[in-house]
1. Can you give the calculated 222 nm mean residue ellipticity of the chain, where each DSSP H run of n ≥ 4 adds -39,500 (n - 2.57) and the sum is split over every residue, rounded to the nearest 500 deg cm²/dmol?
2. Beyond 20 Å between alpha-carbons counts as too far, so tell me which of K230/K299; K148/K201; K73/K106; K53/K148 fall in that bin.
3. So if I take the centroid of the Cα atoms in the stretch 156-234 and the same for the stretch 43-109, what is the distance between those two points in Å?
4. Which of D87, D186 has the fewest other C-beta atoms within 10 Å, and how do the rest follow up to the most?
5. Which order do V301, V64 fall in if you start with the one that has the fewest other Cβ atoms within 10 Å?
6. Given a Förster distance of 25 angstrom, what is the FRET efficiency for E311 paired with E233, based on the Cβ-Cβ distance and rounded to 0.05?
7. Taking 41 Å as R0, compute the FRET efficiency from the Cβ-Cβ separation of E289 and R318 and round it to 0.05.
8. Can you list which of the trypsin sites (Lys or Arg not before Pro) found in the stretch 248-342 are DSSP loop residues with at most 16 other C-beta atoms within 10 Å?
Amino acid sequence: MKIQNFKHFQPRLVLLIYMVLIFQLVLTSCAPDDKEKIFVIKFPHVTAPATPKGQGAERLRQLVDERLGGRVKVEIYPSSQLMNDDDSLEALAFGEVQMIAVSLSKFDRLSPRFQVFDLPFLFTDLQEVEEFQASETGLMLLRTIENKGFLGLGFWHNGMKQFGAPIPLNNPADAAGLKFRIMVSDVLQAQILAMDAVPQKMAFSEVYQALQSGAIDGQENTWSNIWSQKFFEVQPYITQSNHGYLGYLLAVNTEFWRTLPDDIRTELEAIVAEVTAEVNARAEAINLEHRDLVLATGKSVLVELSEKDLEDWRAMMRPVWDQFADEIGDDVMQATAAGKVH
Ligand code: SIN
């Protein structure tokens with residue numbers, strides 16, 4: 001009886017296997033190969049479309065449409081509409097999004113070497129930053145977290161940061177006791193502590209509300225972010241301190257990038273190089289334009305620093321370099337203007 005059942009069972013099993021194989025064959029023949037497949041690049045970011053990053057992202061989308069339309073689609077989500085920076089770092093690691101341009105400060109948790117970009121008064125202007133980024137050491141930083149799933153494709157500038165406050169900050173001593181919003185960065189925390197002020201780490205999208213409600217007194221950011229986030233409405237004084245750099249690592253998920261067909265990856269690399277050059281060439285002009293727009297509103301007064309006050313600011317913040325130099329590494333420190341100072 002058992003044998004008979006088995007005999008009956010066998011042809012059914014064979015039939016079932018055939019059916020599964022045919023089904024798989026149909027699926028495979030229906031699945032688009034790389035020539036037909038559309039690769040979607042989700043690119044969330046936190047700034048407004050008018051900022052250097054916002055304009056860069058849009059230009060990237062445009063060029064991809066023109067040159068790889070039908071094969072690659074870039075979806076841009078600006079103004080924190082999809083997620084904040086912390087979440088986007090996680091989302092990139094998990095492959096939920098494919099491209100990000102998060103401020104370099106926020107990569108300190110992946111490598112302490114990125115902390116160099118936050119050191120106050122280390123870089124005088126964007127030209128100095130660019131020299132460092134183009135150096136062998138700077139290029140090494142691009143790939144330093146590749147094994148953690150983040151492949152750096154380029155550095156994008158925003159600009160130099162300014163301090164906003166409810167009072168004019170001429171001398172650093174004026175900032176004592178004030179509460180400043182900072183990005184999630186230990187260097188920036190040390191910088192505010194060096195001013196005898198109170199640091200408050202906070203997501204970018206929450207800053208306006210916090211200033212308006214008085215939860216914080218001040219913040220530091222570029223003219224383009226001050227303009228597009230309307231911080232000037234709730235910051236009566238803006239000190240043109242140019243005390244720090246705000247820039248981004250344009251990064252992709254390493255695995256996603258490696259598995260792209262070669263011809264697509266090569267074209268995307270060319271587009272990224274072109275857009276990176278454009279963003280960095282235009283960033284300063286955008287910030288100057290946004291500074292003029294802020295000042296034209298009459299809602300914020302510009303505080304310009306005398307050479308003597310500037311010296312005090314530099315002297316007060318200089319110990320922060322020594323505090324982080326070991327973590328950053330001597331090779332990186334030496335490749336910046338700090339190498340010339342020592
Ligand atoms: C950005 O420019 O991407 C945001 C910077 C910040 O969090 O202040």
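Please treat every number below as a calculation from the coordinates, not as lab data. None of the values given here were measured: they were computed from a predicted structure. Note that we place each Cβ from the backbone using ideal geometry, even for glycine, and neighbour counts take in every protein chain shown.
1. -15000 deg cm²/dmol
2. K148/K201; K73/K106; K53/K148
3. 24
4. Least to most surrounded, the residues fall as D87, D186.
5. On the way: V301 13, V64 22.
Listing V301, V64 from fewest to most nearby Cβ atoms yields V301, V64.
6. On the way: r = 32 Å, r/R0 = 1.28.
The pair E311/E233 has a calculated efficiency of 0.20.
7. 0.80
8. In loop regions of the stretch 248-342 (DSSP not H, G, I, E or B), the sparsely surrounded trypsin sites (Lys or Arg not before Pro) are K299.
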